[in-house]
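Let me begin by presenting the structure, written as structure tokens, before commenting on it.
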Amino acid sequence: MRILVAPDSFKGSLTAKKVGQIIKSALVNEISNVVVDVTPMADGGEGTIDAFLYSSQGKKVKVSVTGAMGEKVETYYAVLSDNETVIIEVALIAGFTSVPEAIRNPFQLTTYGIGECIIHALNAGYRKFIFCLGGSATNDGGLGMLQALGVMFKDEEGNNVSPYPSCLSKIAQIDYRNIDKRIWESDICVASDVENPLCGKNGATYIFGPQKGVLLDQLEKLDSSIQKFAKCIESHLNKKFIELPGAGAAGGLGFALLTLNAKIESGAKLIASRIGLETKIRQSDWVITGEGKTDLQTLHGKLPYVIATMAKGYHVPTILISGSLELDLTPLYEIFESMHSISSGPLSLDDSIKNTEVLLHHRVKNIARLLKYAG
């Protein structure tokens with residue numbers, strides 16, 4: 001029996017690699033003739049670089065850039081085995097978890113370091129980029145990144161504005177002419193499963209702002225500031241970007257990248273394609289995937305759904321193992337053979353996170369005892 005284990009991370013507790021190792025351990029302990037292929041996955045959020053590098057012979061490149069709060073951070077981007085393609089994971093530069101909740105002020109968080117990272121890669125000779133936008137702390141419309149690349153933003157008096165959302169409403173003049181010309185020579189792909197536009201009730205600020213610290217009475221002000229900023233860019237470039245699907249990803253970083261001729265693709269599909277997941281599925285008898293929480297949003301292009309849909313095309317059954325399951329998931333049974341929560345009783349969220357490894361191993365052990373009779 002050959003089983004492909006292709007999980008996402010259990011955010012807040014286990015990386016995708018660790019989830020895969022635990023599942024494999026439980027399977028081989030219970031099924032004597034099993035061959036397990038562990039392929040950690042991601043959808044463009046945290047852990048995407050690790051997922052890419054696990055399946056290729058790429059490398060990490062260390063870089064010192066500006067963090068979300070304006071501080072210097074030591075981080076890295078990746079170069080794939082083709083020695084041409086750079087992977088930039090936003091969460092490693094301006095990630096949500098890098099900003100302590102007690103001092104989190106979304107009006108003072110910037111994407112400037114993303115632009116610095118791009119410049120570093122351009123100086124090293126790279127011209128192909130994949131941006132992974134999940135897990136960002138920022139909501140600046142990509143202002144900081146664009147400034148780092150050379151785009152000029154000035155107020156009514158002709159003064160340069162600072163690269164923070166608090167200055168968005170002051171912008172009166174925009175000029176892309178001083179941008180690093182090498183960016184126009186580059187092939188830019190954005191891995192994101194967010195389809196929200198930049199502005200409005202379904203945009204970046206209203207949908208994702210509150211979880212980043214934007215207060216309810218601040219939503220309208222910040223959304224209006226970003227809209228003014230974005231319309232200035234559209235007027236300057238004579239192109240429309242605000243309403244494009246994905247423009248609202250990573251607090252509007254998707255919008256800024258679209259102005260650089262980027263293409264937005266499903267993160268899960270892009271990564272699956274790059275690491276040859278389809279071939280691995282075709283060679284398997286079963287697929288096991290997983291995620292931290294499963295609800296009806298899983299149907300809207302989340303990683304387990306993408307994997308299960310691919311597997312269904314080859315008549316390979318897929319099992320989903322999740323940190324938690326919503327009660328009514330009837331539509332998901334159309335693509336998953338079965339779904340399992342690792343929870344074994346009434347537990348608080350903190351207790352569940354502390355005991356994730358044990359709970360996961362126990363759940364997979366029971367699944368494995370059934371699979372070995374499946375032949």
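The values are calculated or read from the model by the stated rules, or taken from the named source; none is laboratory data. As the structure is a prediction and not an experimental result, all values here were calculated from the model. Methodologically, a virtual Cβ is constructed for each residue, glycine included, from the backbone with ideal geometry; neighbour enumeration extends over all protein chains shown. For accessibility, only protein heavy atoms count, side chains too; no ligands or nucleic acids. Shrake-Rupley method; radii C 1.70, N 1.55, O 1.52, S 1.80 Å.
Annotations for the structure displayed:
- Working from label points 7 Å from Cα in the Cα-to-Cβ sense, the LYS60 to LYS228 distance is 4.2 nm.
- Between the beta carbons of ASN105 and ASN83, assuming R0 = 41 Å, the FRET efficiency works out to 0.55 to the nearest 0.05.
- Normalised by 2.2 N^0.38 Å, with N the number of residues, the alpha-carbon radius of gyration of the stretch 1-141 equals 1.21.
- For the set MET41, MET310, solvent exposure ranked by accessible area (probe 1.4 Å, protein chains only) runs largest to smallest as MET310, MET41.
- Estimated FRET transfer efficiency (ARG282, SER324; beta-carbon r; R0 51 Å; 0.05): 0.95
- Fraction of accessible area attributable to carbon and sulfur, the stretch 124-278 (%, probe 1.4 Å): 47 percent
- The stretch 88-170 shape via C-alpha gyration tensor axes, a/c threshold 1.5: oblate
- Cβ-based charge dipole, the stretch 245-300, positive-most Cα from ILE288, SER273, LEU260: LEU260
- As computed over the chain, the Cα convex hull volume per residue (Å³): 142 Å³
- Whether the stretch 216-346 is rounded, prolate or oblate, judged on the alpha carbon gyration tensor where a/c under 1.5 counts as rounded: oblate
- Average accessible surface for the stretch 242-375: 48 Å² per residue, computed with a 1.4 Å probe over protein heavy atoms with every protein chain in place.
- GluC sites (Glu not before Pro) restricted to the stretch 53-102 and DSSP loop, no more than 13 other C-beta within 10 Å: GLU71, GLU84
- The 3J(HN,Hα) values that the Karplus relation (6.51, -1.76, 1.60; θ = phi - 60°) gives for the stretch 266-278 are, in residue order, 4, x, 4, 5, 4, 5, 4, 5, 5, 9, x, 5, 4 Hz. Gly and Pro appear as x.
- The residue among PHE10, ASN29, GLY113 whose Cα reaches farthest toward the positive pole of the charge dipole of the chain, with charges on the beta-carbon of Lys, Arg, Asp and Glu, is ASN29.
- Sequence of TYR206, TYR77 when ordered by accessible area, the most exposed leading, probe 1.4 angstrom: TYR206, TYR77
- Whole-number accessible area per residue in Å² for the stretch 84-173, which is evaluated in the context of all protein chains at 1.4 Å: 34 Å²
- Cα gyration tensor, the stretch 167-287 - rounded (a/c under 1.5), prolate or oblate: oblate
- Backbone amide hydrogens, once placed in the peptide plane, bring VAL35 within less than 5 Å of ARG2, ILE3, excluding anything fewer than 5 places away on its chain.
- Dividing the summed helix terms, -39500 (n - 2.57) for each DSSP H run of n ≥ 4, by the number of residues in the chain produces a 222 nm estimate of -9000 deg cm²/dmol to the nearest 500.
- Most mobile of GLY254, GLY213, GLY20 in a GNM of the chain (Cα contacts under 10 Å): GLY213
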